[in-house]
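Student: Before I ask anything, let me first share the structure, which is written out below as structure tokens.
The values are calculated or read from the model by the stated rules, or taken from the named source; none is laboratory data. Everything numeric in this text was worked out from a predicted model, so none of it was measured. Note that each Cβ is placed from the backbone with ideal geometry, even for glycine, and that neighbours are counted across all protein chains shown. The protein model used for the area step is the full one, side chains on, heavy atoms only, and it has no ligands, DNA or RNA in it. Shrake-Rupley method; radii C 1.70, N 1.55, O 1.52, S 1.80 Å.
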Amino acid sequence: MDAEVPRKIIVDCDPGHDDAVALLLASTHPGLDILAVTTVAGNSTIANVTRNALGLAELLDITAPVAAGATRPLVANSEDDGFHGETGLSGVTLPATSAASPALDPRHAVDLIIELVMSHAPGEITLVPTGPFTNIALAVRREPRIARRVREVVLMGGAADVGNMTATAEFNVWFDPEAAEIVFSAGWPVRMVGLDVTMQALATPAVIERARAIGTARGRLLTEMLDAASPGYLKDGFPGPALHDVVAVAAVVAPELVEFEQAPIRVELTGTHTRGMTVVDRRRWIPRAVPTQYARALDVDGFWNLLLDAAARP
Ligand code: PIR
Ligand code: CA
């Protein structure tokens, strides 16, 4: 990655422990330039995730605007699964709001996304959604020209194989399936970083000890997130927590770490047992001339090195 021309990104998120780590990498890596952090209801209410985003912006010295977006899905009546606790970031202490704390941008997230994309050159901005896709869907419906103007959408969501909310549905897609379908079929390039790769990077005790030994403010934030996210995953029999969302950021800044394959991707909206499933057409003999790709392999060691290096920055 050419460190001299950082990639301009908008992180649309619902923090969430792993969203917080995504913001950590995005704000720290010299190859990325955050233009905005926008929030969407998902892991917790819009009030909670927005408060979390503002606290994280303060902790991470993010000076880009933070704007609040959709309060609920387009059509579905989904509710969060309580996985991230009462505040959306349970087990983590964010700085108390002070006069110096970053203020919430008065614009709606959808307006801010459109404004930024339309005021930058075509191909300049990459969208990195790490929550339900409500804001992104609303933005491309409200201003269809952004579909030709963004460089690409690199999203965390979906799964070609098993889901985490149901047998086939991943949370971000499951929460607002209609929005996800709009995003996958908008015609812009989409790289889907789904559970197929994010569940490959489970933080083992060895990784967590490396994080604990770092000793910087960012290292402490990462360790807090890992510790807070661990019990849920251990209870389900996994060797450690996944940090799904940061893998999407890694795919933007270190594309060599993630192997993608072009494939048509649609969202199941009416299935009896499969609503919210990403249907990834992996038939190799079907024409591949589509703008969608899904991640199928991850360089796990390279990924942890990237993240732990970023956390070690002063
Ligand atoms: C993670 C998430 C939701 C539910 C569970 N059980 C775990 C959130 C993460 O923030 C990530 O964006 C995505 N949804 C993973 O499914
Ligand atoms: Ca998320």
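Student: Just name the residue that is farthest from Leu127 (Cα to Cα) out of those in region 33-45 that are aliphatic (A, V, I, L, M) and within 15 Å of ligand 1 (Cβ to nearest atom). Reasoning before the result, please.
Tutor: Looking only at region 33-45, we keep the residues that are aliphatic (A, V, I, L, M), and these are 34-37, 40-41.
From what is left, the residues that are within 15 Å of ligand 1 (Cβ to nearest atom) are 37, 40-41.
On the way: Val37: 10, Val40: 14, Ala41: 17 Å.
Restricting to residues being aliphatic (A, V, I, L, M) and within 15 Å of ligand 1 (Cβ to nearest atom), the top hit is Ala41.
Student: Continuing with this model, one more query. Just checking, how many residues over region 81-113 are surrounded by fewer than 20 Cβ atoms within 10 Å (Cβ to Cβ), within 16 Å of ligand 2 (Cβ to nearest atom) and on the phi < 0 side of the Ramachandran plot?
Tutor: 4
Student: Consider only pairs whose beta carbons are under 6 Å apart and that are at least six residues apart or on different chains; among these, list those whose first residue lies in region 6-33 and is over 11 Å from Ala248 (Cα atoms) and whose second residue is among the basic types (Lys, Arg) and outside any helix (DSSP H, G or I).
Tutor: Cβ pairs passing all conditions: Thr28/Arg313; Leu32/Arg7; Asp33/Lys8.
Student: Which members of region 152-184 meet the condition of being surrounded by fewer than 24 Cβ atoms within 10 Å (Cβ to Cβ) and either away from ligand 2 (no atom under 16 Å from the Cβ) or outside any loop (DSSP other than H, G, I, E, B) (or both)?
Tutor: Glu152, Ala160, Asp161, Val162, Thr166, Ala167, Thr168, Glu178, Glu181, Ile182
Student: Another one. In region 185-208, which residues are touching a Pro at 6+ places or on another chain (Cβ under 9 Å), open to solvent by less than 10 Å² (accessible area, probe 1.4 Å) and within 26 Å of Ala70 (Cβ to Cβ)?
Tutor: Result: Trp188, Val190.
Student: Hey, Ala47 hits all of (1) open to solvent by 30 Å² or more (accessible area, probe 1.4 Å); (2) part of a loop (DSSP other than H, G, I, E, B) but one; which does it fall short on?
Tutor: So the condition that Ala47 fails would be (2).
Student: So, one more: Can you work out which of the residues in region 209-260 that are of a type in the set (D, E, K, R) and within 16 Å of ligand 1 (Cβ to nearest atom) is surrounded by the most Cβ atoms within 10 Å (Cβ to Cβ)?
Tutor: Keep residues of region 209-260 that are of a type in the set (D, E, K, R), which gives 209-210, 212, 218, 220, 224, 227, 235-236, 245, 256, 259.
Cutting the leftovers down to within 16 Å of ligand 1 (Cβ to nearest atom) gives us 224, 227, 235-236, 245.
Values: Glu224: 18, Asp227: 17, Lys235: 8, Asp236: 8, Asp245: 32.
Going through the qualifying residues, I end up with Asp245.
Student: Same structure again: Residue check: is Leu35 outside any helix (DSSP H, G or I), open to solvent by 30 Å² or more (accessible area, probe 1.4 Å) and of a type in the set (A, V, I, L, M)? Outline the logic, then answer.
Tutor: Working: outside any helix (DSSP H, G or I): yes; open to solvent by 30 Å² or more (accessible area, probe 1.4 Å): no; of a type in the set (A, V, I, L, M): yes.
So Leu35 fails the test.
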